[in-house]
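For reference, the structure discussed in these notes is given below.
The values are calculated or read from the model by the stated rules, or taken from the named source; none is laboratory data. If you're wondering where the values come from, they're calculated on a predicted model, not measured in any experiment. Positions of Cβ are generated from backbone atoms using ideal geometry, with glycine treated the same way; all protein chains shown enter the neighbour counts. Side chains included, ligands, DNA and RNA excluded: accessible areas come from the protein's heavy atoms. Shrake-Rupley method; radii C 1.70, N 1.55, O 1.52, S 1.80 Å.
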Amino acid sequence: MAVQKSKVIIIAAGLGSRLMPLTKNKPKCLLKFKKNKSLLNHQIKVFEENKLKSINIIVGHKKKELQKLNYKCFENRNYKKNNILNSLFCAKKIIKGNILISYSDIIFKSRLIKKLLSSKSDITVLVDKEWKKNYKNRKLHPISEAEKIIYDKNFNVKKAGKILTKSEASGEMVGLFKLTSKGSKIFQYYFKKAKRVFQGKKFYSAKRFEKAYITDFINYLIKNHVEVKSSVIAGGWMEIDTIEDLKRAARF
(Lines give C-alpha, C1' and ligand atoms only; values in the text may rest on other atoms or scores of the structure.)
Protein backbone atom coordinates (compact mmCIF):
# COMPACT_ATOMS: atom_id res chain seq x y z
CA MET A 1 0.00 0.00 0.00
CA ALA A 2 1.34 3.45 -0.94
CA VAL A 3 2.15 5.79 1.93
CA GLN A 4 -0.10 8.84 1.96
CA LYS A 5 1.93 12.01 1.53
CA SER A 6 1.48 14.74 4.09
CA LYS A 7 -0.24 17.96 3.09
CA VAL A 8 1.25 21.18 4.44
CA ILE A 9 -0.60 23.95 6.29
CA ILE A 10 1.30 27.23 6.76
CA ILE A 11 -0.26 29.55 9.35
CA ALA A 12 0.29 33.06 7.97
CA ALA A 13 -2.62 35.21 9.15
CA GLY A 14 -0.93 37.37 11.78
CA LEU A 15 -0.16 41.10 11.70
CA GLY A 16 3.59 40.76 12.21
CA SER A 17 3.40 43.86 14.39
CA ARG A 18 6.97 43.59 15.69
CA LEU A 19 8.20 43.92 12.12
CA MET A 20 6.31 47.11 11.35
CA PRO A 21 6.65 49.14 9.14
CA LEU A 22 7.95 46.31 6.92
CA THR A 23 4.70 44.38 7.36
CA LYS A 24 2.39 47.35 6.84
CA ASN A 25 1.62 46.34 3.25
CA LYS A 26 2.53 42.66 3.16
CA PRO A 27 2.31 39.51 5.32
CA LYS A 28 5.36 38.67 7.40
CA CYS A 29 6.08 35.52 5.38
CA LEU A 30 6.64 37.58 2.21
CA LEU A 31 9.48 39.60 3.76
CA LYS A 32 12.80 38.92 2.08
CA PHE A 33 15.72 37.82 4.21
CA LYS A 34 18.04 37.27 1.25
CA LYS A 35 18.03 38.77 -2.22
CA ASN A 36 14.85 37.63 -3.98
CA LYS A 37 14.13 35.04 -1.25
CA SER A 38 11.22 35.43 1.16
CA LEU A 39 10.44 33.34 4.22
CA LEU A 40 7.63 31.69 2.24
CA ASN A 41 9.93 30.99 -0.75
CA HIS A 42 12.36 29.30 1.62
CA GLN A 43 9.73 27.13 3.32
CA ILE A 44 8.15 25.97 0.07
CA LYS A 45 11.56 25.10 -1.42
CA VAL A 46 12.35 22.94 1.64
CA PHE A 47 8.91 21.28 1.54
CA GLU A 48 9.31 20.49 -2.17
CA GLU A 49 12.77 19.01 -1.49
CA ASN A 50 10.95 16.61 0.83
CA LYS A 51 8.30 15.84 -1.82
CA LEU A 52 5.60 17.83 -0.02
CA LYS A 53 3.66 19.55 -2.79
CA SER A 54 0.17 20.08 -1.35
CA ILE A 55 0.71 23.57 0.13
CA ASN A 56 -2.14 25.32 1.96
CA ILE A 57 -1.88 28.77 3.56
CA ILE A 58 -4.03 30.37 6.26
CA VAL A 59 -4.27 34.06 5.39
CA GLY A 60 -5.46 37.17 7.21
CA HIS A 61 -3.33 40.33 7.23
CA LYS A 62 -2.86 41.55 3.63
CA LYS A 63 -4.49 38.35 2.42
CA LYS A 64 -4.58 39.39 -1.25
CA GLU A 65 -0.79 39.26 -1.43
CA LEU A 66 -0.96 35.54 -0.65
CA GLN A 67 -4.23 34.75 -2.42
CA LYS A 68 -2.73 35.78 -5.77
CA LEU A 69 -0.08 33.08 -5.42
CA ASN A 70 -0.75 29.59 -6.73
CA TYR A 71 -1.64 27.96 -3.40
CA LYS A 72 -4.90 27.04 -1.71
CA CYS A 73 -5.77 29.66 0.92
CA PHE A 74 -8.08 29.62 3.94
CA GLU A 75 -9.07 32.96 5.42
CA ASN A 76 -8.93 33.84 9.10
CA ARG A 77 -11.37 36.75 9.20
CA ASN A 78 -10.78 37.31 12.92
CA TYR A 79 -6.97 37.37 12.80
CA LYS A 80 -6.85 40.65 14.76
CA LYS A 81 -8.83 39.13 17.64
CA ASN A 82 -7.63 35.52 17.86
CA ASN A 83 -4.33 33.66 17.93
CA ILE A 84 -2.54 30.81 16.23
CA LEU A 85 -4.66 27.88 17.51
CA ASN A 86 -7.93 29.31 16.26
CA SER A 87 -6.17 30.47 13.11
CA LEU A 88 -5.14 26.88 12.35
CA PHE A 89 -8.73 25.70 12.58
CA CYS A 90 -9.81 28.12 9.86
CA ALA A 91 -8.53 25.25 7.70
CA LYS A 92 -10.53 22.60 9.59
CA LYS A 93 -11.90 21.20 6.30
CA ILE A 94 -8.45 19.85 5.44
CA ILE A 95 -7.32 18.82 8.92
CA LYS A 96 -7.58 15.16 8.04
CA GLY A 97 -5.08 12.59 6.88
CA ASN A 98 -1.35 13.20 7.30
CA ILE A 99 -0.53 16.87 7.87
CA LEU A 100 2.62 18.89 8.49
CA ILE A 101 1.87 22.29 10.07
CA SER A 102 4.28 25.21 10.03
CA TYR A 103 4.38 28.68 11.51
CA SER A 104 5.05 31.13 8.67
CA ASP A 105 7.80 33.11 10.43
CA ILE A 106 10.49 30.44 10.62
CA ILE A 107 13.24 29.22 8.31
CA PHE A 108 14.80 25.78 8.64
CA LYS A 109 17.10 23.20 7.13
CA SER A 110 15.71 20.36 5.06
CA ARG A 111 16.98 17.78 7.57
CA LEU A 112 14.49 19.06 10.15
CA ILE A 113 11.57 18.16 7.89
CA LYS A 114 13.06 14.73 7.19
CA LYS A 115 13.38 14.13 10.93
CA LEU A 116 9.79 15.21 11.63
CA LEU A 117 8.36 13.13 8.79
CA SER A 118 10.17 10.04 10.07
CA SER A 119 8.12 10.09 13.31
CA LYS A 120 5.53 7.32 13.56
CA SER A 121 3.65 9.00 16.43
CA ASP A 122 0.17 10.44 15.85
CA ILE A 123 1.08 13.90 17.18
CA THR A 124 4.72 15.00 16.98
CA VAL A 125 6.20 18.42 17.71
CA LEU A 126 9.71 19.41 16.64
CA VAL A 127 11.77 20.54 19.64
CA ASP A 128 15.22 22.16 19.65
CA LYS A 129 17.32 21.03 22.59
CA GLU A 130 19.96 23.67 21.82
CA TRP A 131 17.37 26.44 21.86
CA LYS A 132 19.19 28.75 24.27
CA LYS A 133 21.82 29.48 21.61
CA ASN A 134 19.12 31.21 19.55
CA TYR A 135 18.81 33.92 22.20
CA LYS A 136 22.45 34.96 22.41
CA ASN A 137 22.70 38.63 21.36
CA ARG A 138 18.99 38.62 20.53
CA LYS A 139 17.90 41.79 22.27
CA LEU A 140 14.44 42.45 20.84
CA HIS A 141 12.93 39.01 21.45
CA PRO A 142 13.62 37.86 25.04
CA ILE A 143 14.01 34.22 26.02
CA SER A 144 10.82 34.50 28.08
CA GLU A 145 8.91 34.61 24.76
CA ALA A 146 10.10 31.13 23.73
CA GLU A 147 7.41 28.44 23.45
CA LYS A 148 9.21 26.00 25.71
CA ILE A 149 8.70 22.25 26.12
CA ILE A 150 9.41 19.73 28.87
CA TYR A 151 9.74 16.13 27.67
CA ASP A 152 10.61 12.93 29.52
CA LYS A 153 13.17 10.19 28.79
CA ASN A 154 10.76 8.64 26.26
CA PHE A 155 10.34 12.04 24.52
CA ASN A 156 6.73 12.39 25.66
CA VAL A 157 5.79 16.04 26.11
CA LYS A 158 4.86 16.68 29.74
CA LYS A 159 4.24 20.43 29.68
CA ALA A 160 4.46 23.31 27.20
CA GLY A 161 4.34 27.09 27.00
CA LYS A 162 6.06 30.42 27.51
CA ILE A 163 5.34 30.19 31.23
CA LEU A 164 8.01 27.50 31.69
CA THR A 165 11.30 28.76 33.08
CA LYS A 166 14.60 28.65 31.22
CA SER A 167 16.03 26.13 33.71
CA GLU A 168 13.15 23.62 33.66
CA ALA A 169 12.61 23.53 29.87
CA SER A 170 14.00 20.64 27.82
CA GLY A 171 13.84 22.68 24.61
CA GLU A 172 11.88 25.09 22.45
CA MET A 173 9.06 24.15 20.09
CA VAL A 174 10.26 25.04 16.63
CA GLY A 175 6.86 25.88 15.11
CA LEU A 176 6.67 22.67 13.10
CA PHE A 177 4.50 19.72 14.02
CA LYS A 178 3.01 16.67 12.35
CA LEU A 179 -0.26 14.79 12.58
CA THR A 180 -1.08 11.34 11.24
CA SER A 181 -4.63 10.59 10.11
CA LYS A 182 -5.44 9.51 13.68
CA GLY A 183 -3.68 12.60 15.04
CA SER A 184 -5.83 14.84 12.84
CA LYS A 185 -8.97 13.22 14.24
CA ILE A 186 -7.69 13.76 17.78
CA PHE A 187 -6.96 17.42 17.03
CA GLN A 188 -10.44 17.93 15.56
CA TYR A 189 -12.20 16.19 18.45
CA TYR A 190 -10.40 18.01 21.25
CA PHE A 191 -10.52 21.41 19.55
CA LYS A 192 -14.30 21.17 19.25
CA LYS A 193 -14.53 20.03 22.87
CA ALA A 194 -12.24 22.81 24.14
CA LYS A 195 -14.08 25.47 22.14
CA ARG A 196 -17.42 24.32 23.52
CA VAL A 197 -16.19 24.43 27.12
CA PHE A 198 -13.72 27.33 27.10
CA GLN A 199 -14.92 29.82 24.46
CA GLY A 200 -14.63 33.30 25.97
CA LYS A 201 -12.94 31.87 29.08
CA LYS A 202 -9.38 31.46 30.33
CA PHE A 203 -7.58 28.57 28.63
CA TYR A 204 -4.23 27.68 30.21
CA SER A 205 -1.90 30.67 29.61
CA ALA A 206 -4.42 32.46 27.39
CA LYS A 207 -6.82 34.96 28.98
CA ARG A 208 -9.45 33.75 26.52
CA PHE A 209 -9.68 30.56 24.45
CA GLU A 210 -9.65 32.65 21.28
CA LYS A 211 -6.14 33.90 22.17
CA ALA A 212 -4.69 30.43 22.76
CA TYR A 213 -1.31 29.28 21.49
CA ILE A 214 -0.62 25.79 20.14
CA THR A 215 1.24 25.11 23.40
CA ASP A 216 -1.96 25.82 25.36
CA PHE A 217 -3.71 23.19 23.27
CA ILE A 218 -0.84 20.74 23.81
CA ASN A 219 -1.30 21.14 27.57
CA TYR A 220 -5.01 20.47 27.14
CA LEU A 221 -4.29 17.30 25.14
CA ILE A 222 -1.88 16.08 27.83
CA LYS A 223 -4.47 16.81 30.52
CA ASN A 224 -6.81 14.54 28.55
CA HIS A 225 -4.18 11.76 28.44
CA VAL A 226 -3.33 12.24 24.76
CA GLU A 227 0.26 11.32 23.87
CA VAL A 228 2.25 14.14 22.29
CA LYS A 229 5.78 13.20 21.20
CA SER A 230 8.87 15.36 20.81
CA SER A 231 11.10 14.92 17.78
CA VAL A 232 14.33 16.41 19.12
CA ILE A 233 16.81 18.33 16.98
CA ALA A 234 19.87 20.50 17.68
CA GLY A 235 19.62 23.83 15.85
CA GLY A 236 19.16 24.30 12.11
CA TRP A 237 16.34 26.85 12.23
CA MET A 238 15.51 30.47 13.02
CA GLU A 239 12.43 32.44 14.04
CA ILE A 240 11.99 35.85 12.41
CA ASP A 241 9.96 38.01 14.76
CA THR A 242 11.80 41.36 14.73
CA ILE A 243 13.86 43.48 12.34
CA GLU A 244 16.91 42.31 14.30
CA ASP A 245 15.96 38.68 13.48
CA LEU A 246 15.48 39.53 9.80
CA LYS A 247 19.00 40.96 9.57
CA ARG A 248 20.44 37.88 11.29
CA ALA A 249 18.52 35.59 8.93
CA ALA A 250 20.57 36.87 5.98
CA ARG A 251 23.48 34.82 7.42
CA PHE A 252 21.39 31.65 7.81
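With both partners inside the chain, how many of the DSSP beta bridges are antiparallel, as a percent to the nearest 5? Taking every DSSP beta bridge with both residues in the chain, the antiparallel ones total about 50 percent. Using the Cβ-Cβ distance between residue 77 and residue 41 with R0 = 25 Å, the FRET efficiency computed as 1/(1 + (r/R0)^6) comes to roughly 0.45. For residue 96, put the label point 7 Å out on the Cα→Cβ axis and report which residues of the stretch 169-204 keep their amide N under 13 Å from it. Inside the label zone: 181-182, 184-186, 188-189.
By the gyration tensor of its Cα atoms, with a ≥ b ≥ c the square roots of the eigenvalues, what is the shape of the stretch 143-206: rounded for a/c under 1.5, prolate for a/b over b/c, or oblate? The shape class here is oblate.
Scanning residues 5 or more positions from residue 57 or on other chains, those with amide H under 5 Å from its amide H are 10, 72, 73, 74, with H placed 1.01 Å from N in the peptide plane. In order along the stretch 229-241, the phi-based Karplus estimate (6.51 cos²θ - 1.76 cosθ + 1.60, θ = phi - 60°) of 3J(HN,Hα) comes to 9, 9, 9, 9, 10, 10, x, x, 7, 8, 9, 10, 10 Hz; Gly and Pro are listed as x. In sequence order, the stretch 151-164 has phi-based couplings of 10, 8, 5, 9, 6, 7, 6, 9, 6, 8, x, 5, 6, 5 Hz under the Karplus curve 6.51 cos²θ - 1.76 cosθ + 1.60, θ = phi - 60°, and Gly or Pro positions carry x. With the simple model of a label 7 Å out from the Cα in the direction of the Cβ, residue 5 to residue 248 spans 3.4 nm. Would you please classify the overall shape of the chain from the alpha carbon gyration tensor, given that a ≥ b ≥ c denote the square roots of the eigenvalues, rounded means a/c under 1.5, and beyond that prolate means a/b larger than b/c while oblate covers the rest? Rounded shape, in that the Cα axes give a/c under 1.5. Solvent-accessible area of the stretch 18-78 (1.4 angstrom probe, protein heavy atoms only): carbon and sulfur portion equals 45 percent.
Modelled this way, with points 7 Å down the Cα-to-C-beta line, the labels at residue 227 and residue 17 are 4.0 nm from one another. The modelled label-to-label distance for the pair residue 129/residue 165, using points 7 Å beyond Cα in the direction of Cβ, is 2.3 nm. Dipole magnitude for the stretch 139-207: about 480 debye, using +1 per Lys or Arg Cβ and -1 per Asp or Glu Cβ, origin at the Cα centre. Amide H contacts for residue 208 (H built 1.01 Å from N in the peptide plane; partners 5 or more residues away or on another chain; cut-off under 5 Å): 203.
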